[in-house]
Amino acid sequence: MIDRLKQYLIKGEGDMLDYKQEITSAHKIAKTMVSFANHKGGILLVGVRDNRTIAGIQTEDEKYMLDLAASFYCKPEISLEITEHQIGDKVVLECNVPEGDKKPYYAKGEDEKWWVYIRNKDKSLLASKIVVDVLKRQASNRGTMISYGKNEETLLKFLEENERINLQEFRKMVNISKWRAAKILVNLISAGVIRNHTHEKTEFYTRA
């Protein structure tokens with residue numbers, strides 16, 4: 001188990017690994033948990049600083065906060081697998097968050113509202129309406145039937161000649177409502193034809 005922990009420390013934070021020195025807020029840790037559940041799952045290392053050094057934790061306090069977040073601040077509830085690592089006189093918690101089978105997962109914010117988060121590299125980002133709809137479509141196990149109309153053809157032709165497009169640009173280009181444009185994007189993302197990118201302020205789309 002010590003070797004596994006060392007590998008996590010060598011690897012560094014990413015889309016499936018996050019370090020927490022301590023847990024100060026169930027709201028904040030729930031945000032990270034749902035971003036993992038909405039992704040491919042992930043590992044939370046509690047008691048590790050951002051610079052990869054061991055801080056250690058108060059075991060029972062941290063376990064309580066993890067369970068509280070997973071049970072009451074995540075919707076649906078997330079089942080965790082927690083392992084203790086003893087490093088000298090310090091303890092690090094390895095918290096395994098599985099990929100969810102009931103996507104999308106929501107975290108309760110400090111505003112008492114429920115929000116969907118997704119993982120992008122080492123960040124947990126607020127999901128757009130389009131991403132939430134894609135997660136719902138994927139969870140429903142419904143196949144995506146694509147009918148290539150004029151709007152779809154215009155979009156794909158544009159992406160053959162240009163690197164990217166955002167929702168507003170697409171909507172204006174084909175002169176349709178935001179709702180219709182979003183529906184087309186959701187269909188094409190779900191079918192694997194285009195890919196969404198959320199790491200910038202404005203979400204954008206490219207050919208898959």
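Per-structure values
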read-out	value
Exposure proxy ranking, count of Cβ atoms within 10 Å, fewest first, for Asp67, Asp89	Asp89, Asp67
Using θ = phi - 60° and Karplus 6.51 cos²θ - 1.76 cosθ + 1.60, couplings along the stretch 46-54 (whole Hz; Gly, Pro as x)	9, x, 10, 7, 4, 7, 6, 8, 7
Long-range HN-HN contacts of Gly41 with modeled amide H, under 5 Å	Glu99, Gly100
For the stretch 2-126, fraction of C-alpha pairs farther apart than 24 Å, in %	20 percent
The chain: antiparallel DSSP beta bridges as a percent of all, rounded to 5	90 percent
Size-normalised alpha-carbon gyration radius of the stretch 108-199, reference 2.2 N^0.38 Å	1.18
Anchor Lys136: aspartates and glutamates whose Cα lies under 15 Å away (excluding residues fewer than 8 positions away in-chain)	Glu99, Asp101
Burial ordering of Glu200, Glu84, fewest other beta-carbon atoms within 10 Å first	Glu200, Glu84
Phi to ³J(HN,Hα) by Karplus 6.51 cos²θ - 1.76 cosθ + 1.60 over the stretch 193-208, Hz, x for Gly, Pro	7, 10, 10, 9, 10, 10, 7, 10, 4, 9, 4, 9, 9, 9, 5, 6
Percent RCO, i.e. relative contact order, over the chain, from Cα pairs under 8 Å lying at least 6 residues apart	19 percent
Ranked Phe158, Phe36, Phe170, criterion: other C-beta atoms within 10 Å, fewest first	Phe158, Phe170, Phe36
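Quick note: the coordinates plus some simple rules give every number you see, no bench work behind them. As the structure is a prediction and not an experimental result, all values here were calculated from the model. So basically every Cβ, Gly included, is an ideal-geometry build from the backbone, and we count neighbours across all protein chains shown.
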